[in-house]
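Q: Take this structure, written in structure tokens, and hold onto it; I'll ask about it next.
Every read-out reported here was derived from the displayed coordinates using simple, explicitly stated rules and does not represent laboratory data. As the structure is a computational prediction, the values presented were derived from the model and not from experiment. Positions of Cβ are backbone-derived with ideal geometry, glycine not excepted, and every protein chain shown enters the neighbour counts.
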Amino acid sequence: MEHFRGSHSPVEPAIETRHADEFLEELRRVTEALPERINIDSESVEQGLAKLVLTVIEFIRRLLEKQALRRVESGNLTPEQVEALGLALMKLEAKLEELKTQFGLAEEDLNLNLGPLGRLI
Amino acid sequence: MNVYAYCLSQEADWSALEAVTGLAGERPFVLSYGEIVAVVSKPPDSPIAVTRENVLAHERVISHVFAQTTPLPFRFGGLLRSGELDRYVEANRDSLLGLLARVRGAVEMSVKIIHEHGSEEEDDAVGRTEPAEPEKVLGQGAMFLAAKQRESAESKLFEERAREIANWLKEQLAGIVKDSFLRLTPTRGMAVKAAYLVERPRLEEYRDRLKFVREQRPELLFLTSGPWPPYSFCDLIT
Amino acid sequence: MTSEEWEDFGESELSLLETLDHVLSLGLVVAGEITISVANIELIFVGLNLLVGSTETVYQVLGKRARGLDPGETSPDISSD
């Protein structure tokens, strides 16, 4: 058991920087990134299921995107193919955003903890 | 009984808690689970609002415990239904005892680093991935992909930079810190968010070293804070 | 700036944000999620208002920033090296 001799009064963490403005800008993103409400009580079965499904779809979407970029960079596609690929991915991204909004999910809500394998996304 | 949870700890002198109030002005009290003790209070209404008042109340209760012993702090908003806390402690007893042992006698010190806005070199590197024929009018799909390519190249660059800074910092502080936890946040701005577990007697040494270290790289902007209770060292999944 | 003026300010916005970054993102979690509600974007500005107590003092702080002064210059919590 560690008791610290001397003062038992709590110490406020001190904060020190020469660049308050830059850090303010960066740190504000912490709260901006928060979804409106994370409410475990009102989370219905449907929402839980939606989360699972959308997480998997989002994972696949990112894989597809990476793959598409590699193919485009490889130079083996015609301009028409590039255009078609781009449009398809664009629509997929938009659709996923729509679904997320419908179920009240934010980007950070979509993830699966696979234990020792880490997170899916 | 529902409770709002502040932290888990080992035995301490709980009279220190008589002086402090938690969320909604509620007095914190302890629930004992053998070697592990939970500091809780009667909860405010759900959901817990993220206000300055509530956040500071949360920190305040924990810092009263922290003055005597290093607890494992709960994340803000931990409203637990009856029995949830009991089950949690029992299910994770060994891991929790392990964590408590790890943080014993130590505090968390935070270092955040912003990299000055990109050099010309970087912008060139990103620019090189632009499509080779800018005069051509691109369709929506192709533009979408081009933007994604740029994003991806930028991302890689920032990630490399963040990793480099994180490794450099690690080397500089090796031997002084007990443990570290890094969040790489490779955006154009914040490169690294680091948390270090520093034993209390070595705090002075740590601060001196850090002062020296930041002089070495003037292109990096530093924000340091602490001591904090070990929020970053509460990961049960190891 | 007198010490009484400083007491009205309490901690700076930066200090609150640093605290938020710790208590909201890290720490022990019992269930997979936590029930919180946020006033959304308003939080920071409302927060700043709460921090300084009135609109006048908000402008005072902003005024300090405009003059290139660190609003936390005389704070006992923020040390500069």
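Q: What distance in nm lies between label points placed 7 Å from Cα along the C-beta direction at B:GLU171 and A:LEU63?
A: About 3.8 nm separates the two model spin labels.
Q: Additional query: How do B:SER232, C:SER15, B:SER152 rank when sorted from fewest to most other Cβ atoms within 10 Å of their own Cβ?
A: Ascending number of Cβ neighbours within 10 Å: B:SER152, C:SER15, B:SER232.
Q: Could you go through segment A:70-75 in sequence order and give the Karplus-derived ³J(HN,Hα) for each residue, using 6.51 cos²θ - 1.76 cosθ + 1.60 with θ = phi - 60°, rounded to whole Hz, and x for Gly and Pro?
A: These are the phi-based 3J(HN,Hα) values: 4, 5, 4, 5, 5, x Hz.
Q: What nm value, rounded to one decimal, do you get for the distance between A:LEU49 and B:GLU159 when each label is placed 7 Å out toward the C-beta?
A: 3.5
Q: So which residue, out of B:ALA106, B:ALA191, B:ALA19, gets the largest mean-square fluctuation from a GNM of chain B using Cα contacts under 10 Å as springs?
A: Between B:ALA106, B:ALA191, B:ALA19, it is B:ALA19 that shows the largest mean-square fluctuation.
Q: Hey, could you grab the Kirkwood Rh for segment B:61-121? Inverse mean 1/r over distinct alpha carbon pairs, Å, one decimal.
A: Mean inverse Cα-Cα distance, inverted, gives 15.0 Å.
Q: Mind telling me which of B:THR69, B:THR224, B:THR51 comes out most flexible in a GNM of chain B, alpha-carbon contacts under 10 Å?
A: B:THR51
Q: For chain B, what is the charge dipole size about the Cα centre, in debye to the nearest 20, if Lys and Arg each add +1 at the Cβ and Asp and Glu each add -1 at the Cβ?
A: That gives chain B a dipole magnitude of about 440 debye.
Q: Additional query: Over 23 Å between Cα atoms, which of A:LYS51/B:LYS156; A:LYS100/B:LYS112; A:LYS100/B:LYS148; B:LYS112/B:LYS178; A:LYS51/B:LYS42 qualify?
A: Flagged as over cut-off: A:LYS51/B:LYS156; A:LYS100/B:LYS112; A:LYS51/B:LYS42.
Q: Okay, which of segment B:76-118 sit inside 13 Å, backbone N to the point 7 Å along the Cα-Cβ direction of B:LEU31?
A: B:78-91
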